[in-house]
Each structure stands twice: as C-alpha cells, then as structure tokens.
Amino acid sequence: MAAQALKSWLLGFQAFLALLLVAGTVAYGSKEPGGPPFAYMGGTEDVAQGCRGILAVTATELVFKCPEHPLAIPYAAISLMEYRPEISPKILRMDLKWKVELPVEHGRKSRKNKYFSVVFEQAGTHLVVFDVEPQNMVSYLAEIELKTGKRVEVWGYGD
C-alpha cells in the first residue's frame, strides 16, 4: 500500500514540475517575444546580422552566445562601450574594416537607446554592435561596469 501511495505521489509531483516548466516557459516568452535579448547588428566580426543570443558577463570577458558564431571579448581588450539610440560619430570616424554593415535605419533619430557598441583591441581594432531594448539592457549595465572596471557611456534623454 505504501508503494502505491509513493508511486501516486511521484506522478503528482512530476505533473507539478511539468506545470512549473510550462509556466516558466510562457512567462519567459512573454518578456522577450523576439527571442534572446541581444542581436548582432554590425561590426568587424564575421557574425550574421540579426543573429540573436545572450550576453554572458563572466569573470574575465563578455561572451556573446549566438548559435552561429559565439564571440568572447576579454575585458582588458575593451577600449570603449556605448549604449545609444544610434552609433556615435566617434565610432563611425574610426578606420574599421566592417564585415557586417549596419542597416540603414540605425541613423534614424530615436528617443530610446537601442545600440550597445563595444570597441576592443585584439590584433587591431574591432567593433561589435548589438541591438538590445532598454528593459533588457538595464540589468546588464551595472554588472558590465563592475566586472570590466570601465564605464558604459549611456546616452541621456535631456533636452
């Protein structure tokens, strides 16, 4: 009899876990309907434009986990980080060998930040530009600054 009760309890527990898994999946999907929060939009790396992934902030590097081409950027190599509505003139004036050009709409004036740009030195100057919504980026800003020891220049909205 005890074995039957244990078997029944285990089946109920498995059903409960399955329900939690489905609820978590639905909740996660509702926060990020487009998939992972970061999308590679352009730069000097050979990553497909629009490739979506996550940005892991590890102890020593930023790691963009995109299925087609993961990318690791050591903190010591980073020279500039910006989060702005468009790519800054400072970056656009750099003599970079772009492998993936930004889409035309990147130059349109917007009131919200959208592009997270990272310039880094690794056998030459490199640039990665990610498209990330402010509600996703806000949780990364402090952690990136803390771990890299460098400031992310964030565009303000003042007049």
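Laboratory data are not the source of any read-out in this text; all were calculated from the coordinates shown. Since the model is a prediction, treat every value here as computed from it, not as a measurement. Note that we place each Cβ from the backbone using ideal geometry, even for glycine, and neighbour counts take in every protein chain shown.
Points to keep in mind about this one:
- Computed from backbone phi with θ = phi - 60° and the Karplus coefficients 6.51, -1.76 and 1.60, the 3J(HN,Hα) list for region 67-79 is x, 7, 7, x, 9, 10, 10, x, 4, 4, 8, 6, 10 Hz; x is used for glycine and proline.
- A protection proxy built from the mean count of other Cβ atoms within 10 Å ranks the segments 142-151, 62-71, most packed first, as 62-71, 142-151.
- Karplus 3J(HN,Hα) series, Hz, for region 42-49 with 6.51 cos²θ - 1.76 cosθ + 1.60 (x for Gly, Pro): x, x, 8, 9, 8, 10, 5, 4
- Computing Rg and the Kirkwood Rh from the Cα coordinates of region 63-132 gives a ratio, Rg/Rh, of 0.95.
- The count of lysine pairs in region 38-153 that are at least 8 places apart or cross chains, and whose C-alpha atoms lie under 21 Å apart, stands at 10.
- Taking Cβ atoms as reference points and 15 Å as the exclusive limit, the residues near GLY124 contribute a net charge of -2, counting Lys and Arg as +1 and Asp and Glu as -1.
- By average C-beta atoms within 10 angstrom, highest first, the peptides 91-103, 45-57, 119-131: 119-131, 45-57, 91-103
- For GLY42, residues with placed amide H under 5 Å, excluding near neighbours: VAL129
- Cα gyration tensor shape of region 38-154, rounded if a/c is under 1.5, else prolate or oblate by comparing a/b with b/c: rounded
- Amide H contacts under 5 Å for GLU153: MET81, GLU82, TYR83, restricted to partners 5 or more places along the chain or on a different chain, H placed in the peptide plane at 1.01 Å from N.
- Placed amide H near ILE54: partners under 5 Å, 5+ positions off or other chain: LYS65
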